[in-house]
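Encoded as structure tokens, the structure appears first; notes follow it.
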Amino acid sequence: MSTSQEADLLCLYNVKSPPVAFTKEEHQEETRYICKFPKSAKIETLMILTQGFWNDSQEMIIDVDIVKGKTRNKLCSLNTSQRCFQWSESASSNSCTLKSLNKCSLVASINNKSDATTKVFEPVQDSIVSSPVLTKIKESDNIQKENETTPKAENMLSQCRSPLPVKPSKRKYEDENTPKPKTRRQRASMNAPTVDRTPPCKQKLLEAKDLNTVQALKKTSPCKEVSKEGKITRCVDLSVRALKPSNRWGHTMTLVNSKQAVIIGGQGDKQLSRDSVWYLDPEMRSWKCPEIQTEGAKPEYRMGHSATYDPTVRCIYVFGGSKNAKWFHDVHMFDLDEKKWTLVKANGKAPTRSYHSATLYRHELWIFGGVFPLPDPQPDGCDNEIHIFSPVMENWYKPIVTGEKPLPRSGHSATLLNDQLVIFGGWDFPFCYNDLFILDLTTVDWSSPKCTGQPPKPRCWHASCALTNDRIFIHGGYDGDNALYDAYIFHLENKNWQRLAVENAPSPRAGHGCFRLPSNYESQEEDEIIIFGGGDNDGTYFSDLLAFYVPFKPKVYIEAE
């Protein structure tokens with residue numbers, strides 16, 4: 001049940017299998033939606049839910065029936081107040097059992113009193129759900145007590161080859177000091193493989209008149225010239241002298257809607273960020289530090305974690321991360337309405353990960369890659385597996401994956417466009433990557449497309465987000481020796497890379513966060529991207545708020561022949 005402007009109606013029948021989408025079918029002057037179970041399906045549960053949010057201005061009802069031959073029994077009805085249904089023998093009005101559903105089909109029909117041309121659903125990316133549907137999990141009694149101390153590492157320069165947590169040597173004392181990134185420099189020991197590097201173009205200092213900008217770029221460009229067509233990409237500093245988060249990197253920045261984004265965690269100078277949760281109003285450019293309820297299982301301070309917003313329940317799921325030599329595999333849920341933390345109980349084997357990626361797809365968290373601890377004296381390793389967590393079923397599982405997987409990595413980016421998850425870059429000592437892989441989430445199949453244009457140099461801990469017209473924005477990162485300041489666009493349709501010509505480019509940085517600010521203006525000619533924080537891996541952390549304005553037809557660097 002999906003169009004370019006509608007959400008999906010999904011059926012979940014087994015926690016180890018992805019949800020099945022209802023497909024549209026015209027039947028006797030009636031539009032209905034059919035869900036057929038696979039022949040080998042093992043139906044262990046039954047849940048009907050929507051991906052997207054409802055248009056509350058309409059009086060709409062979705063009726064779902066169980067059809068077997070000529071027999072048709074009503075299963076449930078979904079409306080604006082009840083948007084999710086879960087099977088129970090007592091609640092069902094028919095005599096069917098779960099085992100008997102293998103030979104049945106589910107048929108959904110929409111009864112809408114409003115104009116039929118009106119959109120029934122709206123895209124989930126730029127909006128929120130007005131009321132939670134799924135049951136929120138009670139807090140655990142076994143949550144670890146909050147520990148605000150961070151141990152000081154001795155001889156970090158020789159022990160740590162990256163900004164990742166390391167196994168500390170035995171120490172006689174502990175305090176709250178955390179080593180600065182300067183002592184964690186990787187320098188020449190971290191080099192990209194020769195096959196992955198793009199030979200640099202002839203260096204040339206660009207003048208302001210070449211870019212048609214107010215200010216010339218401060219650094220040399222590995223390109224010959226800038227295209228004459230298109231508009232320049234602008235970068236504007238939005239920072240104001242007012243209450244704002246402390247300087248940090250390794251945090252998460254999660255977009256809720258056009259008027260709210262949430263900052264969680266990160267590391268600042270000498271210690272992990274104590275002001276761990278902040279609200280940002282992207283439109284008003286204002287910050288607010290919410291009062292978190294003391295009840296509930298508050299997660300320990302951390303960095304390298306993931307934070308994923310689920311609009312169905314208006315909650316943010318925080319998974320994994322690290323705190324110096326301490327690693328996490330827990331899942332915490334932050335309720336945006338109640339401002340309360342809850343530890344999510346989960347069955348199955350949860351992976352211990354940091355600097356991984358987490359993507360919400362059909363109400364499940366898809367975890368890819370990341371770094372994990374190994375017993376001494378082995379160095380910590382990176383992963384290239386897919387792990388899925390279902391908040392609805394409170395269960396971890398691994399799907400069957402086909403295709404050639406990317407090499408193990410952490411600090412990469414994972415950007416969702418339609419049903420495709422685009423993985424770019426990352427790090428696994430001693431290599432940095434600039435390769436690109438696409439995971440088809442409907443078939444769980446990996447592919448490595450042949451890309452054209454000038455790809456970014458190998459990097460990790462860069463910022464990335466999806467733009468309009470199936471584009472992906474990449475900014476900054478760390479190449480194993482220095483922080484980066486350049487910006488790129490990847491076009492999914494033609495698999496083409498372009499480096500943006502940016503006016504007033506910000507300081508080089510890595511470990512920062514970004515998102516695209518949603519807009520509903522029909523005359524829109526550019527995407528607005530909000531960036532916060534980061535560090536230069538040389539002891540400097542940032543708390544500035546920046547805005548990139550990327551035109552639909554931007555000026556780009558032309559690769560030298």
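The values are calculated or read from the model by the stated rules, or taken from the named source; none is laboratory data. This is a predicted model, so every value here is computed, not measured. Please note: Cβ atoms are built from the backbone with ideal geometry, for glycine as well, and neighbour counts cover all protein chains shown.
Those residues that are farther than 15 Å from D383 by Cβ and not in a strand (DSSP E or B), I need them from region 308-327; list them, please.
Taking region 308-327 and keeping what is farther than 15 Å from D383 by Cβ, we get 308-318, 323-326.
Selection gives P311, T312, V313, R314, N324, A325.
Could you tell me how many of the residues in region 292-336 are among the acidic types (D, E) and closer than 12 Å to V262 by Cα? Quick ask: steps written out before the conclusion?
Quick first cut of region 292-336, residues among the acidic types (D, E) only: 295, 300, 310, 330, 335.
Next, only the ones that are closer than 12 Å to V262 by Cα stay: 335.
Qualifying residue count for the region: 1.
Does S286 meet the test of being hydroxyl-bearing (S, T, Y) and buried (at least 18 other Cβ atoms within 10 Å of the Cβ)? Write out each step before concluding.
Details: hydroxyl-bearing (S, T, Y): yes; buried (at least 18 other Cβ atoms within 10 Å of the Cβ): no.
It is false that S286 is hydroxyl-bearing (S, T, Y) and buried (at least 18 other Cβ atoms within 10 Å of the Cβ).
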Check: Can you spot a residue in region 440-463 that is free of Cβ contacts under 8 Å to residues at least 60 places away in the same chain, in the same structural domain as E404 (by TED's automatic domain parsing), assigned to a strand (DSSP E or B) and in contact with a Pro (Cβ under 8 Å, 6 or more places away or on another chain)?
Finding: yes
Note to self: Can you find, within region 290-307, the residue that is surrounded by the fewest Cβ atoms within 10 Å (Cβ to Cβ) among those that are of a type in the set (G, A, S) and assigned to a loop (DSSP other than H, G, I, E, B)?
What the structure shows: A297
Next item on the list: Go through region 57-86 and count every residue that is in a loop (DSSP other than H, G, I, E, B) and touching a Phe, Trp or Tyr at 6+ places or on another chain (Cβ under 6 Å).
Entry: 1
Next item on the list: Could you tell me whether any residue of region 442-457 is farther than 27 Å from A21 by Cβ, over 16 Å from the mean Cα position of the chain (by Cα) and β-branched (V, I, T)?
Entry: yes
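Would you check which residues across region 480-502 are part of a loop (DSSP other than H, G, I, E, B) and buried (at least 23 other Cβ atoms within 10 Å of the Cβ) and list them? Write out each step before concluding.
Taking region 480-502 first, the residues part of a loop (DSSP other than H, G, I, E, B) are 480-482, 492-495, 501.
Selection gives G480, A501.
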Note to self: If I go through region 406-432 residue by residue, how many of them are modelled with pLDDT of 95 or more and under 17 Å from G476 (Cβ atoms)?
What the structure shows: 9
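For region 262-289, name all the residues that are polar (S, T, N, Q), in contact with a Lys or Arg (Cβ under 7 Å, 6 or more places away or on another chain) and assigned to a strand (DSSP E or B).
Across region 262-289, the qualifying residue is only Q267.
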